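Taken together, the values in this text are just the output of simple stated rules run on the coordinates, not laboratory data. Owing to the predicted nature of the structure, the values given are computational and were not obtained by experimental measurement. Don't worry about glycine lacking a Cβ; one is built from the backbone with ideal geometry, like all the others, and counts go over all protein chains shown.
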Amino acid sequence: MMRMRKIRFIQSEKGITLLEVMASMVIFSLGLLMLVPLMLATITANDSANDMSRATLFAQQKLEQLRSASILASGNDTIEDMSRTWTVETVTSSLKKITVNVTWQDQMSKSHHVQTITYEID
């Protein structure tokens with residue numbers, strides 16, 4: 001008759017302990033906290049780029065209006081939260097310099113501006 005041998009299994013670690021889970025959660029949380037300043041900087045840069053694009057668009061719109069006008073004159077106006085001023089200078093009898101400035105303040109009350117200059121031949 002065959003003899004049955006008792007096989008002894010070595011119990012290996014199966015799974016992870018609560019301490020390991022907590023340590024990994026702390027490391028993961030610290031990693032997420034380090035991303036917060038990066039996200040805030042990204043939002044600020046995105047807002048700034050949006051304002052700059054809007055200001056450039058407003059300046060270009062005024063240049064196109066002035067190009068199509070029969071009489072060129074200096075002036076100013078306000079669009080949304082941006083101030084726009086334009087000046088028309090006579091360089092020569094047939095050449096005029098048109099300068100459009102758009103200024104605005106960001107959420108931190110810091111002043112910004114965009115300036116566009118073009119020349120118009122009569």
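Summing Lys, Arg as +1 and Asp, Glu as -1, what charge do residues with Cβ under 12 Å from the Cβ of Lys97 carry, Lys97 excluded? Value of the local net charge: -1. With viscosity 1.306 mPa s and temperature 10 °C, the Kirkwood radius over alpha carbon pairs of the range 49-112 converts through Stokes-Einstein to a diffusion coefficient of 125 µm²/s. Where (i) 123, 34, 21; (ii) 54, 28, 21; (iii) 43, 31, 25 are the candidate values, the label of the one calculated here for Cα extents along the principal axes in Å is (i). Could you tell me which of Phe58, Ala41, Leu19 has its Cα farthest along the dipole of the chain towards the positive end, charges placed at Cβ (Lys, Arg +1; Asp, Glu -1), taken about the Cα centre? Working it through, the farthest residue towards the positive pole turns out to be Leu19.
Legend: calculated FRET efficiency, Glu120 to Ala41, from the Cβ-Cβ distance at R0 = 35 Å, rounded to 0.05, equals 0.30.
For Lys97, a cut-off of 17 angstrom between C-alpha atoms picks up these aspartates and glutamates, skipping any fewer than 8 places away in its own chain: Glu64, Glu89, Glu120, Asp122.
What does the charge count around Lys110 come to, taking other residues whose C-beta lies under 14 Å from its C-beta (Lys +1, Arg +1, Asp -1, Glu -1)? Around Lys110, the surrounding residues sum to -4.
Each residue of the range 101-115 was assigned a 3J(HN,Hα) from its phi angle through the Karplus curve 6.51 cos²θ - 1.76 cosθ + 1.60 (θ = phi - 60°); the sequence is 10, 10, 10, 7, 10, 7, 5, 9, 6, 8, 7, 10, 8, 10, 10 Hz, with glycine and proline shown as x. If you fit an axis through the alpha-carbon atoms of helix 18-68 and take the longest principal axis of the Cα set of the chain, what angle between them do you get, 0 to 90°, nearest 10? The helix 18-68 is inclined about 10 degrees to the chain. For the pair Val91 and Gln60 in one chain, pulling the backbone fully straight at 0.36 nm per residue adds 9.1 nm over the alpha carbon distance.
Give me the dipole magnitude in Debye, nearest 20, for the chain about the Cα centre, with unit charges on the beta carbon: positive for Lys and Arg, negative for Asp and Glu. Could you put the intermediate results ahead of the total?
On the way: 12 positive and 12 negative charges, 289 e Å.
Charge dipole, the chain, about its Cα centre: 1380 debye, nearest 20.
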